[in-house]
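First up is the structure itself, then whatever we jot down about it.
The values are calculated or read from the model by the stated rules, or taken from the named source; none is laboratory data. Fair warning: this is a prediction, and the values are worked out from it, not measured in the lab. Glycine gets a Cβ as well: all are built from the backbone with ideal geometry, and neighbour counts include every protein chain shown. Heads up: the accessible areas ignore ligands, DNA and RNA and are worked out on the full protein's heavy atoms, side chains in. Shrake-Rupley method; radii C 1.70, N 1.55, O 1.52, S 1.80 Å.
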Amino acid sequence: MRELIEKYRWADQDEDLVLTLAVTTCGSVDEVVSAYGGSGRGPVLLTHDDAWVPQEDFGSYFHVQVLTEGARTVMIEPNGWAGSLPGIARRASSRGFFLSVHWSMSGTRRVVEARGGAVVSWFNPFLIAEPGGAGDLVPAWAEDTVFDDEWPNASSFAAVELRTGLAVDRSWFTTPLPTYRIPDPDQLLADDSKARTP
């Protein structure tokens, strides 16, 4: 884990790298975008920095950027959090595996893992042994994984690689990617009483 954290130290050196990044084996790009409430039609190519929703529109919609790596689909939400919600994880794992890492400008952090439509992990990796982590669903692998609070973003990307076998590529954040408009996840999941609980 320490070597992987070193590999991803760049992720803590960019203050604008605020996101939710998820990996799933759930199906086609259209299926994954649909799980996030979007339409597979009409993506635009944007870089990570350009995909931030303008301040005046923040909350009315969000963006998810999508790319495929073999049988896996990667979703990146610049300054978004849909993939950190159990309700989305269940939808995006209905026919496979889903893992997401999230951090916000306010310091919120979350790791979510789901399989076959069921959430199996939902926790703040930096509060595992703290009272603030009460109510989290902490898997055994998290307790054996070293999350370094000096390099929290790097630790999160290291966890992605450990759990999925997929290396997070720095170029994903500088290369224009297919970007889809998605709704506010709370609106999308308004009828799901367990949208925010595992």
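Some notes on this structure:
- Members of segment 121-146 found to be touching a residue at least 24 places away in the same chain (Cβ under 8 Å) and open to solvent by 30 Å² or more (accessible area, probe 1.4 Å), listed by number: Trp122, Phe126, Leu137, Val146
- Exactly one residue among Leu4, Leu17 is part of a loop (DSSP other than H, G, I, E, B) and crowded, with 16+ Cβ neighbours inside 10 Å, and that residue is Leu17.
- Checking each residue in segment 122-139 for being more than 16 Å from Ser106 (Cα to Cα) and either modelled with pLDDT of 90 or more or in contact with a Lys or Arg (Cβ under 6 Å, 6 or more places away or on another chain) (or both) picks out Trp122, Phe123, Asp136, Leu137, Val138, Pro139.
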